[in-house]
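Structure, as structure tokens:
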Amino acid sequence: MRTLSAAAAMLVLLTPNACEKDEPARWRYTCGGPVCVGYTVKPGVALCTSQVAGGRCGTLGATCDPRDDCDRLLVCSVEEPSLVPCPDVP
């Protein structure tokens, strides 16, 4: 029994963590406006050129404006921004 426990412990230590993903950074949408009412220019934010939602990106935290009708931006991230609830707007 002792040998089995030691073998099981070694297996757990040597097995990669299934919870960790080597997810590449991708362009992902931010929350945007509470209601889609059309595009609004965002001063200081560069327009997207070749960036598309789901496409790979290289600089974490970089943003661009895809001229979205819901005023969302694209952000370079390894996590889906929608996993964090968008703030409620009064």
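The values are calculated or read from the model by the stated rules, or taken from the named source; none is laboratory data. Quick caveat, the model's predicted, so the values are computed rather than measured. Neighbour counts run over all protein chains shown; Cβ positions are idealised from the backbone, glycine included.
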**Q.** Tabulated pairs, segment 53-71, first on the phi < 0 side of the Ramachandran plot, second of a type in the set (Gly, Ala, Ser) and assigned to a strand (DSSP E or B), C-beta under 7 angstrom, 6+ apart or interchain
**A.** Leu60/Ser77
Q. Does segment 73-81 contain any residue that is modelled with pLDDT under 65 and part of a loop (DSSP other than H, G, I, E, B)?
A. no
Q: Give the residue, chosen from Pro66, Pro85, that is in contact with a strand residue (DSSP E or B) (Cβ under 6 Å, 6 or more places away or on another chain), farther than 21 Å from Asp22 by Cα and either at pLDDT 95 or above or of a type outside the set (Ser, Thr, Tyr) (or both).
A: Pro66
Q) So how many residues does segment 25-52 have that are surrounded by fewer than 16 Cβ atoms within 10 Å (Cβ to Cβ) and among the basic types (Lys, Arg)? A) 1
Q | Subset tally (residues that are among the hydroxyl-bearing types (Ser, Thr, Tyr) and out of contact with any Leu (no Cβ under 7 Å at 6 or more places or on another chain)) for segment 19-54 | A | 4
